[in-house]
Amino acid sequence: MVVDVGLRISAQSAFLGLIHPEMRLIKIKCIERVIHLTVVFSSQPTEKAIEDVSVAATEIIADFPDAKKISENIIVSDGPLPVEDLLEEGWVYRRAE
């Protein structure tokens, strides 16, 4: 099932100006009223980068008052990005590599 366009647009808007160079991938989806935000970093994120993910998460959850909560998943990986359906997994940002 394709991730709601409104959720993806909300995430894109929330991350405007908050993308850090070490961010490789941002994706979002909602499962049973829980929003799952995943950010993949190429190296250990700075405190500022983690704070900016939380700021974006707060903006996203504000757009969806029916959601129970938002889960912030920070992953550090320099391996290959997942091979998956971009629309079904809710990709909103991918760094050019």
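Could you list, in sequence order, the residues of region 1-46 that are of a type in the set (Gly, Ala, Ser) and farther than 25 Å from Asp78 by Cα?
Just the residues of region 1-46 that are of a type in the set (Gly, Ala, Ser), to begin with: 6, 10-11, 13-14, 17, 42-43.
Residues satisfying the conditions are Gly6, Ser10, Ser13.
Looking only at region 6-32, filter to residues that are touching a Leu at 6+ places or on another chain (Cβ under 7 Å) and of a type outside the set (A, V, I, L, M); which one of those is modelled with the highest pLDDT?
Per the criteria, the residue is Arg24.
Could you grab me the full set of residues in region 1-14 that are part of a loop (DSSP other than H, G, I, E, B) and closer than 13 Å to Trp91 by Cβ? Write out each step before concluding.
Residues of region 1-14 part of a loop (DSSP other than H, G, I, E, B): 1-4.
Correct list: Val2, Val3.
I need the strands (runs of 3 or more DSSP E) fully contained in region 15-97, keeping only those with at least 2 residues that are under 23 Å from Val2 (Cβ atoms) and free of Cβ contacts under 8 Å to residues at least 60 places away in the same chain. Walk me through it before giving the result.
Working: elements: 23-31, 34-41, 69-76, 91-94.
Fully inside region 15-97 and qualifying: 23-31, 34-41, 69-76.
The values are calculated or read from the model by the stated rules, or taken from the named source; none is laboratory data. Because the structure is predicted, anything quoted here is derived from the model rather than measured. So basically every Cβ, Gly included, is an ideal-geometry build from the backbone, and we count neighbours across all protein chains shown.
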